[in-house]
1. Looking only at helices (runs of 4 or more DSSP H) that lie completely in the stretch A:1-92, which have at least 3 residues being on the phi < 0 side of the Ramachandran plot and within 13 Å of chain B (Cβ to nearest Cβ)?
2. Can you pull out every residue in the stretch A:58-86 that is farther than 23 Å from residue A:110 by Cβ and loosely packed, with under 15 Cβ neighbours inside 10 Å?
3. Residue by residue through the stretch A:154-184, note down the ones that are loosely packed, with under 10 Cβ neighbours inside 10 Å, modelled with pLDDT under 70 and of a type outside the set (A, V, I, L, M, F, W, C).
4. Are any residues in the stretch B:42-71 in a helix (DSSP H, G or I) and facing chain A (nearest Cβ under 10 Å), and if so, which ones?
5. Please enumerate the residues belonging to the stretch B:1-41 that are assigned to a strand (DSSP E or B) and within 14 Å of another protein chain (Cβ to nearest Cβ).
6. When the residues of the stretch B:39-94 are narrowed to those that are over 27 Å from residue A:129 (Cβ atoms) and in contact (Cβ under 8 Å) with a residue 40 or more places away in the chain, which ends up nearest to the chain's Cα centre (by Cα)?
7. I need a count of the residues in the stretch B:59-85 that are within 14 Å of residue B:10 (Cα to Cα) and surrounded by fewer than 19 Cβ atoms within 10 Å (Cβ to Cβ).
8. What do you reckon, is residue A:89 of a type in the set (Asp, Glu) and closer than 19 Å to residue A:112 by Cα?
Amino acid sequence: MVYLTRKAEFSAAHFYHNPEFTPEENQRVFGKCNNPNGHGHNYTLEVTVKGAVDPKSGFVVDLKQLKDVMSREVLDAFDHRFLNKEVPEFLTKIPTTENLAIAIWQRLAPKLNAAQLHRVRVYETPDLFVDFYGEDFSGEDVYREESLAVTREHIRKIEAKALRKLRHPSRSRKLRASMDGVRD
Amino acid sequence: MKTRSMKAHLTRRYMFSASHRLHSDEMSEEENRATYGKCNNPYGHGHNYMLEVSVSGPVDDHTGMVCNLVDLDGFVHTQILERYDHQNLNLLSEFAKQVPTTENLCIAIYEIVKRGFHQAHLEKIRIEETMMNSFEYAGEDSR
């Protein structure tokens, strides 16, 4: 497994505000970041993908493709935008660096077919960055589950149902008969 | 899609400047010089340390944050930077019996954050002593 990281930069405006909070709560929780006129940052994005090295090309992933996907899915949408007003995810979610990293992961993961997304790192300033590994808080792999549209709980239920059906006498008798020969 | 808490890792960088001298009372003068070289120079020397504190946790639905940066900054300023910035590390109680290498400094800072900061889970402490060398400590049972 080899890890490859590609950097990109974008500049955007944002502010932090939760409409469910009172103006005082917003001010207390978000401080200067609550200024409704917004402020901006020069963000640095680092996208790390992982995979086996292709024996023919010597690549984990075609960098040109990765760069294009990052430009199309992220930079075109985020660069020189007011995140709260122009990027769909942030019409309802607060554009913190944490939520930016998650949104970028969700934009990139389905589009990277050659390599597997490992980490999205977003620097808001050189002194502050967030890493997102596609995990929810129980440690489950978000992208994998969403791409298959099943959760681990679904899989557990399907497994339990399958075992229940196999144990039903109408099937288990036939299965036992075929197993007897195998065991001896 | 149902909403659930995503896990994010947040890293914040801080700077402090401090002096130290690497010297172990358990070694002879010659051994100290052989082990620590210039760092054993009797009057000590200093560094601009770059400290990285990494924490993790669920991203809060109401704030979009792992923890409020004001809380983390406040804690690090009062408990770490005020303790170490512009100080001689050798004179601090934690280095009375330990050599103030950056390894030991990493562990000391990890312990202070682990003990006192509870708004998010401490993942790791990373310190650059110079641009050429850096040290990380993530606790003993982390790997």
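1. In the stretch A:1-92, A:23-30, A:89-92 are the helices (runs of 4 or more DSSP H) which contain 3 or more residues that are on the phi < 0 side of the Ramachandran plot and within 13 Å of chain B (Cβ to nearest Cβ).
2. Hits for the stretch A:58-86 are A:58, A:80, A:85.
3. A:180, A:181, A:183, A:184
4. Listed by number, the residues that qualify are B:69, B:70.
5. B:6, B:7, B:8, B:9, B:10, B:11, B:12, B:13, B:14, B:15, B:16, listed by residue number.
6. B:89
7. Summing the residues that are within 14 Å of residue B:10 (Cα to Cα) and surrounded by fewer than 19 Cβ atoms within 10 Å (Cβ to Cβ) in the stretch B:59-85 gives 6.
8. no
The values are calculated or read from the model by the stated rules, or taken from the named source; none is laboratory data. Because the structure is a prediction, the values reported are computed rather than measured. Methodologically, a virtual Cβ is constructed for each residue, glycine included, from the backbone with ideal geometry; neighbour enumeration extends over all protein chains shown.
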